Amino acid sequence: MFEALAPAAAGEAGYMLLVVGMALAVMLAIIVLVVLFNYGALWFQAFMSGADVSLMSLIGMSLRKVKPTMIVTAKIMAVQAGLNVNRRTGMSTPRLEAHYLAGGDLMRVVRAIIAAHRASMDLDFDRAAAIDLAGRDVLDAVRTSVYPKVIDCPEPDRTGRTSLSAVAKDGIELLIRARVTVRTNLNQLIGGATEETIIARVGEGIITSIGSSPTYMHVLEMPDRISKGVLDRGLDAFTAFEIVSIDIADIDVGKNIGARLQTDQAEADTRVARARAEQRRAEAVAHEQEMKAKVAENRAKLVLAEAEIPQAMATAFRTGKLHATPANAGQRGHR
């Protein structure tokens, strides 16, 4: 009896295994179909472009909340531009994901690297990513490095002033407007000073150069002497830009500051002299009044002294203390 049931039990176990295997195969097929439906087209696009993005990487991007479309597009752009996308030394998928997760603008970084590569500039992914994470516009920096930027000194939009005011040694004021051509220094873009520092330094250099000129005519005759002198000072040190040229756009003769200062000084000296004279007059008047008071006081003392003489004589008569002098006594005896 038991020998007859053994084949039936073995058949049921085999059937169960077959059912489980078919169920797993169906589930695996469904998973494969879902993955292919969601990532197949994107993976095939990357594969045909040589972007070197695996299917497992695309699945992992979704789990890490990374946009797979952006990563694949960035790698395809890099490959088409001839950039290095090697998994170890180039723009690998993990490095792109890391920059995206750090909050960087991945597409802007890739465009900047492509622009720098086309312009034969040395800009790798690490430096571009660092510049982007530092808050600088890396794409605009590359463009400014290729096409220099012109900055007005001073900038009317920021300061409201249209010209710089400088005074030569002869006291004549000159109103100057300069234009500074700069390009980005990618090596010092991180931590380097911005355009405001360039404008301030150039303005200070122009004012100093004009202030050391003997007359304003020297500046009007050779304005390039001022720009060359300012340019030779290395004003772009520790800044994010490299000064290409400094051009004097306009020069106007202003007021005679020296004469006005001399006039103001003369008026101030006159006021000081008047104040001192008034002080001396007031002191003299006070001294005169003091002398008059002392004279009046002495007169009062004299009147008091004169008033005491009769009183003293009367007291002497009453007390019998009034005697004639020896000279008078001799005269009376002789008589």
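Brief remarks follow.
- Evaluation of Ala128 against (1) more than 30 Å from His99 (Cα to Cα); (2) in a helix (DSSP H, G or I); (3) aliphatic (A, V, I, L, M) (one fails), failing number: (1)
- Qualifying position, being in a strand (DSSP E or B) and closer than 22 Å to Gly171 by Cβ, among Asp264, Asp252, Asp247: Asp252
- Summed over region 106-125, the residues that are surrounded by fewer than 17 Cβ atoms within 10 Å (Cβ to Cβ) and either touching a strand residue (DSSP E or B) at 6+ places or on another chain (Cβ under 8 Å) or in a helix (DSSP H, G or I) (or both) give a count of 3.
- Selection within region 154-174 - in contact with a helix residue (DSSP H, G or I) (Cβ under 8 Å, 6 or more places away or on another chain), of a type in the set (D, E, K, R) and in a loop (DSSP other than H, G, I, E, B): Glu155, Lys169, Asp170
- Filter pass, Asp269 being free of Cβ contacts under 8 Å to residues at least 12 places away in the same chain and surrounded by 10 or more Cβ atoms within 10 Å (Cβ to Cβ): yes
- Test result for Leu139, under 30 Å from Val180 (Cα atoms) and either part of a helix (DSSP H, G or I) or at pLDDT 85 or above (or both): yes
- Qualifying positions in region 183-214 - touching a helix residue (DSSP H, G or I) at 6+ places or on another chain (Cβ under 6 Å) and either part of a strand (DSSP E or B) or at positive phi (or both): Arg183, Thr184
Residue-by-condition table, conditions (1) of a type outside the set (Ser, Thr, Tyr); (2) crowded, with 17+ Cβ neighbours inside 10 Å; (3) within 29 Å of Arg127 (Cα to Cα):
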position: Ile176; (1), (2), (3): yes, yes, no
position: Val182; (1), (2), (3): yes, yes, yes
position: Ile190; (1), (2), (3): yes, no, yes
position: Lys228; (1), (2), (3): yes, no, no
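- Within region 37-51, at least one residue is among the small types (Gly, Ala, Ser), modelled with pLDDT of 80 or more and not in a helix (DSSP H, G or I).
- Here Gly90, Gly103 are screened, and the one residue that is within 23 Å of Ala134 (Cβ to Cβ), more than 35 Å from the chain's Cα centre (by Cα) and surrounded by fewer than 18 Cβ atoms within 10 Å (Cβ to Cβ) is Gly90.
- Verdict on Ala98 being assigned to a helix (DSSP H, G or I) and closer than 29 Å to Val53 by Cα: yes
The values are calculated or read from the model by the stated rules, or taken from the named source; none is laboratory data. Because the structure is predicted, anything quoted here is derived from the model rather than measured. Using ideal geometry, Cβ is built from the backbone for each residue, glycine included, and neighbour counts are taken over all protein chains shown.
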